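A.B. asks: The following block contains the structure, expressed as structure tokens.
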Amino acid sequence: MSSTNLIGIDRLAQLGALHLYGMATAWSELLAEGPRRPVQPEAWLDRLIEAELADRQVRSLRYQLKAARFPVHRYLTGIDWPETPLPPAQIQQLASAGFMETAHNLILVGGTGTGKTHLTTPLGVAAIHQGKRVRFFNAVDLVNQLEREKQQGKAGSMARQLLQADAVILDGLGYLPFPASGGALLFHLISQLYEKTSPRDNQGENPRQSG
């Protein structure tokens, strides 16, 4: 093996040690191309940087989709538009996540089985693809977490975590009963999030889904 190849492999190991995985992949490709065509150093550097940026974007997207904890990953392309009461144009507008920029609220109202979760999930996924941090909770599960948090003397830790998110999706709110104490904890959490993230003139956006 030539000294040039040894140097190239050593640099590959260094890139991996620095967690520059995108650059490492691009460097391997450059080594494989060999001397077939001369390339200016600037072109090599540009290619390495572009590969690293693309890799980090993909890894960030995967992390945020996992952290959101959607029950199922759904995309807007899977929506059956004729079965959806809301106009497709309005859904596409909501998918732009513009209402998150102004900290407006989105409320979907309807009976069981009318597709509220089926709509909020792809809207949340679409927002993550645009760089937003989204967290999904079943309302009862969130109340249970808040109660455990209080019992363990860690009240407020969930609120601190969710303040870092751009949107919090609460699914099934109002369907299943939970103790009054749990309802108070949930109301307090929502109040904290609202006070920290909402503009004073926030009136909310409330597209209603018929039941």
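Read-outs throughout are calculated quantities, based only on the coordinates presented, and are distinct from any laboratory measurement. Quick caveat, the model's predicted, so the values are computed rather than measured. All Cβ positions, even for glycine, are placed from backbone atoms using ideal geometry, and neighbour counts span all protein chains on display.
A.B. asks: For the stretch 79-169, what does the alpha-carbon gyration tensor say about shape, rounded, prolate or oblate, given a ≥ b ≥ c as the root eigenvalues, a/c under 1.5 as rounded, and a/b over b/c as prolate?
C.D. replies: oblate
A.B. asks: Right, here's the next one. For the peptides 134-143, 44-53, what is the packing order when you average, over each peptide's residues, the other Cβ atoms within 10 Å and list the highest mean first? All intermediate terms of the calculation are to be shown ahead of the outcome.
C.D. replies: Working: 134-143: 19.8, 44-53: 14.7.
The packing order, highest mean first, is 134-143, 44-53.
A.B. asks: Follow-up question, since we're still on this one. Out of residues 5 or more away from LEU173 or on other chains, whose amide H comes under 5 Å of its own, with H placed 1.01 Å from N in the peptide plane?
C.D. replies: ALA139
A.B. asks: What residue among GLN57, LEU12, PRO71 has its Cα farthest toward the positive end of the dipole of the stretch 11-78, where the charges are +1 on Lys, Arg and -1 on Asp, Glu, each on the Cβ?
C.D. replies: It is PRO71.
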